[in-house]
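Participant: Can you keep this structure in mind? I'll have questions shortly.
The values are calculated or read from the model by the stated rules, or taken from the named source; none is laboratory data. Everything numeric in this text was worked out from a predicted model, so none of it was measured. Every residue, glycine among them, receives a Cβ derived from its backbone with ideal geometry; neighbour counts consider all protein chains shown. Just the protein is used for accessible areas: all its heavy atoms, side chains included, with ligands, DNA and RNA removed. Shrake-Rupley method; radii C 1.70, N 1.55, O 1.52, S 1.80 Å.
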Amino acid sequence: MSEPELVDAVERSANLDGVVLGYAYRGIHVQLVLRGMLLLFIALTLFFVPPAHGARFCLIVLALYVAWSLAVALWTRRGGLAPVKLIWLTLLVDLTVFGGLTLLTGIKSQESWTATIFINGLILIPLLACMQLDPRICAGVAAPTVLVFLLASWLAFDTEPWSVILLTTMMIAGLGAGAVAVSWIQRSRVRTIGGLVIDRTRLLAELVNLEQRERQALSEQLHDGVLQYVLAARQDLLEYDSNARPQTLERVHGTLKEVSNLLRTTVAELHPAVLEHVGLPRAIWDLAKAASTRGGFEIDIDTSWPDDHRTSADGLLFSVARELLNNVVKHAGAKSVFIELRLEGKWVTLRIEDDGRGIALDDLNQSLADGHIGIASYHLRVVAAGGRLSICRGKKVGTVAHVEVPCTEIPFNVVVRPVRFDD
């Protein structure tokens, strides 16, 4: 993906508010469909089972309800936040219409089948309410629905025993409680999806700047390391003549040897394919050596790793170790760094501990807010692989980073030299 495409993807990626708004409008559209079913329900009831008294008034209520429903549908088509914030008020109108029709047709005729049918329409009100992404609003609509059902059953069907009224009311109450639970689950899912969208946006933004940052880091590393040694060797060669001391050639030889070491570690950092040849412990040791040269701290590494062993987690742990060690160089001000690498069964653990100034959770959050999402992006990659990554202060000083990743063994047939950390 080119940089313009990445920029466009970042711009098109929604934030949490956009995700919530989109899901809220989906709920509104479902409400409109269910309200249309309520209108059809009222119309069919009045047509097939007309009330003995007040039929004309019921038709007037139906006409007003249809006009009002059309107005709500047109209002929501405009978009924006207003429909999302106020759509719950329409549920109270639905409740008033059905409660009123039930009482109107039931009180005037105690044996009215019309009222019996209308009161069943109250069941759909909690279903309408559960389309809200706020369980508090859903509960605020479901509770009055239960009360209206109880009141309508008492006034319109006073010939029914109280046991029947209470049992049917309990059924409506259970439906309302279920609607509140569904609304809560919906909101939790939307928040989770919204968080993933935000992470995706940040990762895309990171990709936009990744190439530039990698080039800058490589430029600084080559300038501060390899180039300085090359210039020193060039100066020694310019000063060399037939009467020069042998120490001059020894100095040039040592300088060129250091240049080769720096280039080797730089290549190892840039191209993780070296993992196939030297293995993860050696590759991390090379990273640590390069980091100690730049940061001026001592390195101690403890590893438990079978010879010639490769796993599916090697590339990820290599990248995470590189990011963590770069952070130690830039921010820790450490004098020593301890690295522990373990392969135990189906899990690989990596721990990097320094004795620097330490880091607080607020610092991590502020760094993330400022757009520095390197650690956050690797945290997502570790979690996506089924692992865990945690960063906290040490018991006394410094910072401790702990990574656990599940892995599978990858067959390896190339003979490599044993891992040593002293050359």
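Participant: Given the criteria farther than 15 Å from Val382 by Cα and open to solvent by 20 Å² or more (accessible area, probe 1.4 Å), does Asp302 qualify?
Facilitator: It is true that Asp302 is farther than 15 Å from Val382 by Cα and open to solvent by 20 Å² or more (accessible area, probe 1.4 Å).
Participant: Output the residue which, of all residues in region 346-358 that are open to solvent by 50 Å² or more (accessible area, probe 1.4 Å) and either modelled with pLDDT under 85 or of a type outside the set (Asp, Glu) (or both), is farthest from Arg310 (Cα to Cα).
Facilitator: The qualifying residue farthest from Arg310 (Cα to Cα) is Arg357.
Participant: Got a sec? Which of Arg202, Arg187, Arg191 is modelled with pLDDT under 70, within 17 Å of the chain's Cα centre (by Cα) and open to solvent by 70 Å² or more (accessible area, probe 1.4 Å)?
Facilitator: Arg202
Participant: In region 8-55, which residues are farther than 20 Å from Gly121 by Cα, open to solvent by 60 Å² or more (accessible area, probe 1.4 Å) and either touching an Asp or Glu at 6+ places or on another chain (Cβ under 6 Å) or at pLDDT 85 or above (or both)?
Facilitator: Residue satisfying the conditions is Arg26 alone.
Participant: To continue, here is another question. Determine, yes or no, whether Ser367 is modelled with pLDDT under 85 and touching a Leu at 6+ places or on another chain (Cβ under 7 Å).
Facilitator: The answer is no for Ser367.
Participant: For residues in region 275-296 being more than 32 Å from the chain's Cα centre (by Cα), under 19 Å from Arg310 (Cα atoms) and crowded, with 18+ Cβ neighbours inside 10 Å, which is modelled with the highest pLDDT?
Facilitator: Residue satisfying both the conditions and the ranking: Trp285.
Participant: For region 129-140, which residues satisfy the criterion of being more than 12 Å from Leu175 (Cβ to Cβ) and in contact (Cβ under 8 Å) with a residue 40 or more places away in the chain?
Facilitator: Residues satisfying the conditions are Met131, Gln132, Leu133, Asp134, Pro135, Ile137, Ala139, Gly140.
Participant: Next question. If I filter region 296-309 for residues that are out of contact with any helix residue (DSSP H, G or I) (no Cβ under 8 Å at 6 or more places or on another chain), touching a residue at least 40 places away in the same chain (Cβ under 8 Å), not charged (D, E, K, R) and not in a strand (DSSP E or B), do I get at least one hit?
Facilitator: no
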